[in-house]
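These notes concern the structure reproduced below.
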């Protein structure tokens, strides 16, 4: 069995958020393999803790991917401030064809387009992927999972970093399907009923008040903030209110466009023009929404650049949806050229945290080895890009941790799902499998 097949059997997907099935990348032939350890979301230290505590496995995963893709070289992108993580990684890359690139501490340094350009000086084509420039990018946790897959260990746990308004900011492994409530109780959330949770980060994650939600293979970080925090109020507003405010208050200052990371790389993203789509007719929407098509939804325009606290990112998200529904294809005509002042407009993470009013929550999240097993896990059948996995077990079955419980039909893009807990299957639906611990 080759490396790609082992990755597929283990159900490995991109752990950084997108959830793209990793065996597809492992099947490609590229020049460079990049390990993304940039971790640019404020307050999160998941990848840092992984690199500090599991560097050997991460480097092994990198070597396996280099072998599988026949790459000439591997490269890690890690922020220069994370000296301990760099030291641990470099202990295991001596005499290997793997180098470490030291990144500046700005947001969004971990964006694939940013990372590929910073490490290779190559620009991914508009609407393209790293493969288009002979590069494969994987989050460092994905590399860790590749190493485990080679040993025959499927993905049954997720490494999470928990920060914010909690007693014990920390990072640890939890079984896939664990409830948010179990995690919040573990780290000590003083006022859980008056808390909001950002899943995946403040900038690009989602906000929830439902602590019955569960961890998936792509859950990166959990940030707890009081319900009365500025960010919770701001991001929990309904879309109609966001649009109404934008329609009445946008004065076309263009700061959102001037700070756009993709725009500064040369991609034709112009959020200030997309904001015009809120005020004009249907023909206006067709005219202005095209400038949203290459937006990465990083949130910098909404949460940092706009002096009036408007919602250009949300307007761009609507614009992309509009283009898809109308079948409008935007092809960038202007040459792809990096803006000469790009480096001068990078937004330092500390400055961003100050604007977000979260600097008082900026604490380390040290690795904790033992998380108490939950009584039940609710394992979703779609935790990845592609088709949902189909249940392979019957109601009432007894399973062991690591057993295959849902499979992907041949020819479909997707990933296998394994039991994250030993116990009894007590519920099977079209969307999840519920396992109760014995």
Taking only the alpha carbons of region 77-222, what extent do you get along each of the three principal axes, in Å, biggest first?
48, 36, 28
From the C-alpha coordinates alone, can you work out the Kirkwood hydrodynamic radius of region 248-288, in Å?
10.7 Å
Expressed as an acute angle from 0 to 90° and rounded to the nearest 10, what is the orientation of the C-alpha long axis of helix 239-249 relative to the principal long axis of the chain?
30 degrees
Measure of compaction for the chain (Cα Rg per 2.2 N^0.38 Å)
0.98
Compute for region 3-150: radius of gyration divided by Kirkwood radius, i.e. Rg/Rh, restricted to C-alpha atoms, rounded to two decimals.
0.92
How far, in degrees from 0 to 90, does helix 312-326 lean away from the longest principal axis of the Cα atoms of the chain, to the nearest 10?
80 degrees
Give me the angle, in degrees from 0 to 90, between the Cα long axis of helix 140-150 and the longest principal axis of the Cα atoms of the chain, rounded to the nearest 10.
30 degrees
Restricting the calculation to Cα positions, tell me the Rg (one decimal) and the Dmax (whole number) of region 237-317 in Å.
11.3, 32
For region 375-438, what is the convex hull volume of the alpha-carbon atoms per residue, in Å³?
66 Å³
Under 1.5 on a/c is rounded, so check that first for region 316-428, then, if it is not, pick prolate when a/b is larger than b/c and oblate when it is not; a ≥ b ≥ c are the square roots of the alpha carbon gyration tensor eigenvalues.
oblate
Highest first, please rank the peptides 120-131, 378-389 by the mean number of other Cβ atoms sitting within 10 Å of their residues.
378-389, 120-131
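No value in this document is a laboratory result; all are computed from the given coordinates. Computed from a predicted structure; not experimentally measured. A quick note on method: Cβ atoms are made from the backbone with ideal geometry, for glycine too, and the neighbour counts reach across all protein chains shown.
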